[in-house]
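Each value in this text was obtained by applying a stated rule to the coordinates, not by laboratory testing. All of these numbers come straight from a predicted model, not from anything done at the bench. We place every Cβ from the backbone using ideal geometry, glycine too, and count neighbours over all the protein chains shown.
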Amino acid sequence: MSEQRQAEQRIVVVGAGMAGVQTAVALRELGFTGSVVLLGAEPHQPYDRPPLSKAVLLGKAEGSAFDVDFEALAIELRLGREVTRLRAAAHEIDTPAGPVPYDVLVIATGAEPVTLPGGEGVPGVHLLRTLDDAERLRPVLAEQHEIVVVGAGWIGAEFATAAREAGCAVTVVEAADRPLAGALPAEVAAPMAGWYADSGARLLTGVRVARIEPGSVVLAAGATPPPRPEGPDGEAGGGPDAGTAGGPEGETRLAAGAVVVGIGARPATGWLAGSGIALGPDGSVTADERLRTSLPDVYAVGDCASFPSARYGERLLVHHWDNALQGPRTVAANILADATGGVPEVYDPVPYFWSEQFGRFVQYAGHHGAADTMLWRGDPAGAAWSVCWLRDGVFVALLAVGRPRDLAQGRRLIEAGLRLDPERAADPSVPLKSAVR
């Protein structure tokens, strides 16, 4: 593409979260000279999400806006512009403010939280996904309300951690038989159940919510919550039977000054219905290895897009910050390569994420779905331990709790596709890099 032709091109990025912002920035860093339009549904300056469940929620920070000078980069930022429809044949997207034409479109609309049926519109029921969500929850924590968290996944654990730090009585209700049931094997998640009690939070597993009413959560018949555990300071987080009351037909009610729902997220792709773009069973845009979609001139990146991984032999949908940081560089490079006949890049990362919960720093790298061997490094009852997963002897995934050196070394070894000696890898005194065969 000639410089004049490039200068006439217009790239529209839909979604002003991490993936969208980094795509726009990467286009400029790689030398794109045409028009870059970044559309954000929220009215706020684009911001980072991880601090929402930590510093912003606890009032330790007012916000987490990205340190990006959009004007200096000649990125046209349009906020409060929710996109409602893609009309690929016309190369336009529709917004309430009118259609927006594009030469190249990047879909980076992220994910949206799954809501609890029957919880919509009930006073005191919250989600935690946006800056506005965090702002609404901040006074709830400051007033030390009795809180019920529905879902013991990553976001549920992080919110419960913040709520206990704020002095709230917390009960976490999980339908599965353990926390993080969708993310980790039972034997790995089992030690994490004790973290809740250590912090003074009450964890109810194998319990379903029947309905939410103003001021209470009604559990399905047969649920009998245990008394609240003592917290780290010896207090019982609201008394041994606080927040529990019997109901009709064996129902149990949990008193709830507020309810926070954290039962997962799904790709925010509803606006693509009828567009002709290929979506997977999980609702994700099914991008190829170059992050191109099934439609010409349309790419997808971040939480809304799945991609084929040759490394792991399956299609991956990664709802984590690092994916939204790394993917944009690839999608920007491929937009330019496709336009100029350059060499394309393949996106096949080692997924990575972290979580801060109950005084522990948890990190994960890789994907253990097809692993055939699991190795423990250290005692899971202790403060620091790791788990390694191998497939045919090749290191494919690692979970590290309080062992950042394991994570740093392990991530590099996984990226290199190296084999480990199982006996040495299971010895926590042996550095992982020294366990390579």
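Place a label point 7 angstrom from the Cα of Ala7 along the Cα-to-Cβ direction, then list the residues of segment 88-131 whose backbone nitrogen is under 12 Å away.
Counting only backbone N, you get no residues.
Principal axis lengths of segment 113-153 from Cα atoms, whole Å, largest first?
Ordered largest first, segment 113-153 gives principal extents of 27, 23, 22 Å.
Take each of the peptides 204-214, 19-29, average the number of other beta-carbon atoms within 10 Å over its residues, and list them starting from the highest.
Ranking the peptides 204-214, 19-29 by packing returns 19-29, 204-214.
Find how many whole Å separate the alpha carbon centroid of segment 1-78 from the alpha carbon centroid of segment 365-410.
Taking the Cα centre of segment 1-78 as reference, the centre of segment 365-410 is 35 Å away.
Helix 404-416 versus the longest principal axis of the chain: what is the Cα-based angle in degrees, 0 to 90, to the nearest 10?
Roughly 40 degrees, rounded to the nearest 10.
What residues of segment 309-334 lie in the reach of a label at Val346, counting those whose backbone N is under 20 Å from a point 7 Å from the Cα along Cα→Cβ?
Under 20 Å, as judged by backbone N against the label point of Val346, lie 309-318, 323, 326-334 of segment 309-334.
Arrange the following residues from fewest to most other Cβ atoms within 10 Å of their Cβ: Met18, Met374, Met192.
Met374, Met192, Met18
Equivalent-ellipsoid semi-axes (√(5λ), Cα gyration tensor) for segment 359-435, whole Å, largest first?
Rounded to whole Å, the semi-axes are 18, 13, 12.
Just to verify a number: FRET efficiency for Arg78 and Asp198, C-beta to C-beta distance, R0 = 41 Å, to 0.05?
My answer for the efficiency is 0.30.
Show that you can apply the helix-only estimate: for the chain, add -39,500 (n - 2.57) for every DSSP H stretch of four or more residues, divide by all residues, and state [θ] at 222 nm to the nearest 500.
-6500 deg cm²/dmol
For a Förster distance of 41 Å, can you work out the FRET efficiency between the beta-carbons of Ala97 and Arg419, rounded to the nearest 0.05?
0.15
I'd like the orientation of helix 154-165 relative to the chain: the angle between its Cα long axis and the longest Cα principal axis, in ° from 0 to 90, rounded to 10.
So the helix axis and the longest Cα principal axis differ by about 50 degrees.
Translational D (Stokes-Einstein, µm²/s) of the chain at 25 °C and 0.890 mPa s when Rh comes from the Kirkwood sum over C-alpha pairs?
105
Counting other C-beta atoms within 10 Å, which of Arg164, Arg292, Arg405 has the fewest, and how do the rest follow?
Fewest to most other Cβ atoms nearby, the residues stand as Arg405, Arg292, Arg164.
Using Cα centres only, tell me the gap between segment 255-315 and segment 104-120 in whole Å.
That distance is 10 Å.
Rounded to whole Hz and in sequence order, give me ³J(HN,Hα) for segment 84-89 from the Karplus expression 6.51 cos²θ - 1.76 cosθ + 1.60, θ = phi - 60°, writing x for Gly and Pro.
Whole-Hz 3J(HN,Hα) from phi for segment 84-89: 10, 6, 10, 10, 5, 4.
In degrees between 0 and 90, to the nearest 10, how far off the longest principal axis of the chain does helix 186-199 point, with axes built from Cα atoms?
Around 60 degrees separate the two axes.
Quick check for you: which residues of segment 397-437 have the amide N under 18 Å from the point 7 Å beyond the Cα of Trp376 toward its beta carbon?
Once the point is set 7 Å along Cα→Cβ of Trp376, 398-403, 422-430 turn out to lie under 18 Å by backbone N, inside segment 397-437.
Work out the length of the dipole vector of the chain about its Cα centre, built from +1 on the beta-carbon of each Lys and Arg and -1 on the beta-carbon of each Asp and Glu, and round it to the nearest 20 debye.
Its charge dipole is roughly 600 debye.
Rounded to two decimal places and with Rh computed the Kirkwood way over Cα pairs, what is Rg over Rh for segment 1-87?
With Rh from the inverse mean 1/r over Cα pairs, Rg/Rh is 1.05.
Can you find, among Val100, Ala183, Trp195, the residue sitting farthest towards the positive end of the charge dipole of the chain, where Lys and Arg contribute +1 and Asp and Glu -1 at Cβ?
Of the listed residues, the answer is Ala183.
Roughly how compact is segment 48-201, stated as its Cα Rg over 2.2 N^0.38 Å to two decimals?
The reported ratio for this selection is 1.31.
Along its principal axes, what span do the Cα atoms of segment 294-400 show, with the longest given first and each in whole Å?
That gives 55, 33, 20 Å along the principal axes, largest extent first.
Whose amide H sits under 5 Å from the amide H of Ala265, counting only residues 5 or more places off or on another chain, with H placed in the peptide plane?
Placed amide hydrogens put Val114 under 5 Å from Ala265.
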